[in-house]
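Laboratory data are not the source of any read-out in this text; all were calculated from the coordinates shown. Nothing here was measured: the structure is a model prediction, and the numbers come from that model. Methodologically, a virtual Cβ is constructed for each residue, glycine included, from the backbone with ideal geometry; neighbour enumeration extends over all protein chains shown.
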Amino acid sequence: MQNFAQKIKLELSGVNQVLERLDMEREKMLQLTREMSRRCREAMFALHREDFVHAEDELSKAREILEEINKLKTESPQIYYSGAVSSAQTEYVEASLLYSILRRREPPGLGELNVDPQAYLAGVGDFIGELRRYILNLLRKGELKEAWNAFAIMEELYVELSKFSFPEALTPGLRHKVDVARALLENTRNDIMFFERSQELIEKIEKAGKWAGKE
């Protein structure tokens, strides 16, 4: 019995070493995910400004960080499967999809982006919000046809996301994203229709003005 406490003491010392290592890895992971999220946000800001060179640079740096983060999947799964990693991957998916549609390229898939399925799903959900911003920019430039085309994509993605009926634990936050997407869809449809009717009214007024000038 004399060695009873000593044995536990040795075990606790080993536990302490493991936890210290995990804590260091956790801090490193948090720094990486924060930096990756920042790069993705910078890329999206640049994309909406149509500064594609800067956006490509930011996405490239985000991809490098993602590769480093993904190493934790096998090395330290306790750290990898935390909310911070999923959140950063979600932003990467969102930024990558926005880049693809603005550059008129095929959307990248799950394997190409090398993210977890839940992050891809969440990224598509958030991308619907970016599509709304894209559509509003198109309307400001008077590109009605392109706005309707983008809206069709927005609507189709919403329908597809609505089909997922897994438990919240398996697809965290998805139901909320679908609810938000539904509201965005209705608001965007109304915005496009309002713009369309305004354009029709302007054309009628201009035609009436031309006829009045001929009389």
message = Can you find, among Leu157, Leu121, Leu32, the residue sitting farthest towards the positive end of the charge dipole of the chain, where Lys and Arg contribute +1 and Asp and Glu -1 at Cβ?
response = Leu157
remark   = Ile8 and Thr74 label points (each 7 Å along its Cα→Cβ direction) are spaced in nm at 3.8 nm
task = Taking a cut-off of 16 Å between Cα atoms, list the aspartates and glutamates near Lys163, but don't count ones fewer than 8 places away on the same chain.
result = Glu155, Asp179
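For a Förster distance of 25 Å, can you work out the FRET efficiency between the beta-carbons of Asn149 and Asn114, rounded to the nearest 0.05?
0.30
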request  = Could you give the DSSP H helices of the chain that reach 18 angstrom or more along their long axis (alpha carbon positions) and whose average Kyte-Doolittle hydropathy is no lower than 0.5?
outcome  = 83-102
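Given Cβ point charges of +1 (Lys, Arg) and -1 (Asp, Glu) and nothing else, what value in debye, to the nearest 20, does the dipole of the stretch 127-215 about its Cα centre take?
200 debye
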query = Between Ala46, Ala169, Ala152, which gets the highest mean-square fluctuation from a Gaussian network model of the chain, Cα cutoff 10 Å?
reply = Ala169
remark   = For log10 I(q)/I(0) by the Debye sum over Cα atoms at q = 0.07, 0.13, 0.15, 0.18 Å⁻¹, with candidates [x] -0.23, -0.82, -1.09, -1.53; [y] -0.20, -0.71, -0.96, -1.40; [z] -0.34, -0.82, -0.99, -1.25, the value calculated from the shown model is option [z]
query = So, with +1 on the Cβ of K and R and -1 on the Cβ of D and E, and no other charges, what is the size of the charge dipole of the stretch 49-140 about its Cα centre, to the nearest 20 debye?
reply = 340 debye
inquiry  = Only Cα pairs within less than 10 Å get springs; with that Gaussian network setup on the chain, which residue of Gln89, Gln31, Gln17 has the largest fluctuation?
reply    = Gln17
remark   = Sorted largest first, the C-alpha extents of the stretch 109-215 along its principal axes in whole angstrom are 71, 26, 16
request  = Could you give me the radius of gyration and the Dmax of the stretch 17-115, taking only the C-alpha atoms into account and expressing both in angstrom?
outcome  = 14.4, 51
request  = Using the Cα centre as the reference, give the magnitude of the dipole from point charges on the C-beta atoms of the chain (Lys, Arg: +1; Asp, Glu: -1; all else neutral), rounded to the nearest 20 debye.
outcome  = 280 debye
query = Where is the GNM fluctuation largest for the chain (alpha-carbon springs, 10 angstrom cutoff): Thr90, Thr33, Thr171?
reply = Thr171
